[in-house]
Amino acid sequence: MKILVINCGSSSLKYQLFDMDENKLLAKGICDKIGNELSGFKYVVITGIDEDGKEIEAKEFEKLHIADHSVAIDLVLKKLVNKETGVIADIKEISAVGHRVLHGGEKFNGSVLVDEKVKEAIRECFDLGPLHNPANLMGIECCEKVMPRVPQVAVFDTGFHATMPDYAYMYALPYKYYEKYGIRRYGFHGTSHRFVSKRCIELLGGKAEGTRIVTCHLGNGSSISAVKDGKCLDTTMGVTPLEGIMMGTRCGSIDPAIVPIIMKKENLTPDEIDDVMNKQSGMLGVTEKTNDNREIEEMAKNGDKRAQLVESMLCHQLTKYIGGFAAAMGGVDAVVFTGGIGENNPHYRTRVAEKLAFLGTAIDEEANGKRGKEIEISVPGSKVKLFVIPTNEELMIAQDTFEIVSE
Ligand code: ADP
């Protein structure tokens, strides 16, 4: 069975086509700057697997005008069946489409087959996910138009966190704001936390009951989750993906009183302060140069004080969240690192493991030096196991879609 996975943003559309019988990626790519005079179209065919198990890619780029998302999906489908570069003979081979949807509010605790009610519920969450949910719904509606009769499945970023108890998701604000506006912790990156925690449970022996895992998804956006008995107990992101650990351009948790203070001093509107916290803060805000962790690593090595400060802030915050979640779960059996930074930056992993040594973490520096593949990085006998597990949100979406349409 072939499953197409779509991640639709306001001016972009990412896609991946999976062959579920062989559990393999066939093609992927992105259409960006949709609606602009010159949009970009990237198409990548997976031609094989190299000795390290990495996919061998044949890439194609095109600059052309993509008027809207329906045109983009049409373009993707044409490319997938193209006689020369295609990977399937007919569009009919695509059995279902899985969509990444940011916000499911309180309605969904798992992935669902899309119908009118589901679309309405996604619409009801426009207020909570104003940048993503309208685009996600547009992606679903465009696919329905271009591929009528093909089942569509919605996979929510918030879904995995639906098991959080009320004492973890409630904020100590007047209760009426929860009732009137749904102000509570929802959490994000759920597909990634679910993917890596599931894999971690397999590595720990396969039984979810009794396991206590902290999953650290560290990328441009970052979040950390406490996963007890295979279920999310708590996570760092909140009503929106701004709360928690500092990120590339997002400030993470700050004293909320800072918001009115800066608004008054700098004469900012709510939208402007929102922009400051989401796009001008985090690693970019502190270095005043870059949000790219690779550049920060290089700058820090060359003695740049701000880059060194960012590294120390991040390690300190990581340690606090992991330690806090360990306490909330009554202990911790494993810590998982994933995402662009989590998978590739051994330096943070070493520093955090050293600080958490009192909990029983002992890192194996040789294993920790290997980049970008699944590996246990704690020494044998380490009380708390440490793993690097590359995330694969698209595969998780494809697996959910496969399960739902196979029922
Ligand atoms: P997103 O949240 O957009 O999916 P990613 O998970 O791709 O982001 O993470 C992007 C971050 O990962 C960037 O800060 C980037 O510098 C960092 N990163 C990616 N590859 C490496 C690497 N090889 N070494 C260090 N950092 C890396």
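Working with all protein chains in place, sort Y167, Y181, Y348, Y321 by solvent-accessible area computed with a 1.4 Å probe, largest first.
Details: Y167 175, Y181 125, Y348 5, Y321 60 Å².
Solvent-accessible surface, decreasing: Y167, Y181, Y321, Y348.
Which lysines, on any chain, are close to K63 with Cα under 22 Å apart, when same-chain ones fewer than 8 places away are left out?
Once the sequence-local lysines are set aside, what remains near K63 is K14, K28, K33, K42, K78, K79, K83.
Rounded to whole Hz and in sequence order, give me ³J(HN,Hα) for the stretch 262-269 from the Karplus expression 6.51 cos²θ - 1.76 cosθ + 1.60, θ = phi - 60°, writing x for Gly and Pro.
5, 4, 5, 5, 9, 6, 9, 7
Within the stretch 185-240, which trypsin sites (Lys or Arg not before Pro) sit in a loop by DSSP and count at most 11 neighbouring Cβ atoms inside 10 Å? Present the calculation step by step, with values, prior to reporting the outcome.
Details: sites: R185, R194, K198, R199, K207, R212, K228, K231; in loops: R185, K207.
When the trypsin sites (Lys or Arg not before Pro) of the stretch 185-240 are filtered for loop state and at most 11 Cβ neighbours within 10 Å, K207 remain.
DSSP beta bridges in the chain, what fraction antiparallel, as a percent rounded to 5? Please report the intermediate quantities before stating the final value.
Working: 46 of 66 bridges.
Among the beta bridges of the chain, antiparallel pairing accounts for roughly 70 percent.
Find, among the trypsin sites (Lys or Arg not before Pro) in the stretch 1-80, those assigned to loop by DSSP (not H, G, I, E, B) with at most 12 other beta-carbon atoms within 10 angstrom.
Numbers: sites: K2, K14, K24, K28, K33, K42, K54, K59, K63, K78, K79; in loops: K33, K54.
The qualifying sites are K54.
Non-local amide H neighbours of L26 (under 5 Å, H modeled in plane, Pro and chain starts lacking H): which ones?
L17, F18, D19
Report the semi-axes of the equivalent ellipsoid for the chain in whole Å, largest first, where each axis is √(5λ) for an eigenvalue λ of the Cα gyration tensor.
So the equivalent ellipsoid measures 33, 26, 23 Å along its semi-axes.
List the residues whose amide H sits under 5 Å from the amide H of V153, counting only those 5 or more places along or on another chain, with H placed 1.01 Å from N in the peptide plane.
V97, G98, H99, V114
To make sure I understand the rule: partners must be lysines, Cα under 17 Å from the Cα of K117, and not fewer than 8 residues away in the same chain. Which ones qualify?
K107
Considering every pair of different Cα atoms, what Kirkwood radius, in Å, is found for the stretch 142-213?
By the Kirkwood definition, the hydrodynamic radius is 15.3 Å.
About its Cα centre, what dipole magnitude does the chain give when the only charges are +1 on Lys and Arg Cβ and -1 on Asp and Glu Cβ, stated in debye to the nearest 20? Mind showing how you got there, number by number?
Working: 49 positive and 59 negative charges, 134 e Å.
Here the chain has a charge dipole of around 640 debye.
By how many nm would the segment from V379 to F61 grow when fully extended, if each residue of separation counts as 0.36 nm and the alpha-carbon distance is taken off?
Details: separation 318, 0.36 × 318 = 114.48 nm, distance 4.38 nm.
Working it through step by step, the gained length comes to 110.1 nm.
The values are calculated or read from the model by the stated rules, or taken from the named source; none is laboratory data. Note that the coordinates shown come from a computational prediction; the quantities given were computed from them, not determined experimentally. With ideal geometry, Cβ positions are generated from the backbone for all residues, glycine too; neighbour counts draw on all protein chains shown. These accessible areas exclude ligands, DNA and RNA; they are computed on the full protein's heavy atoms, side chains included. Shrake-Rupley method; radii C 1.70, N 1.55, O 1.52, S 1.80 Å.
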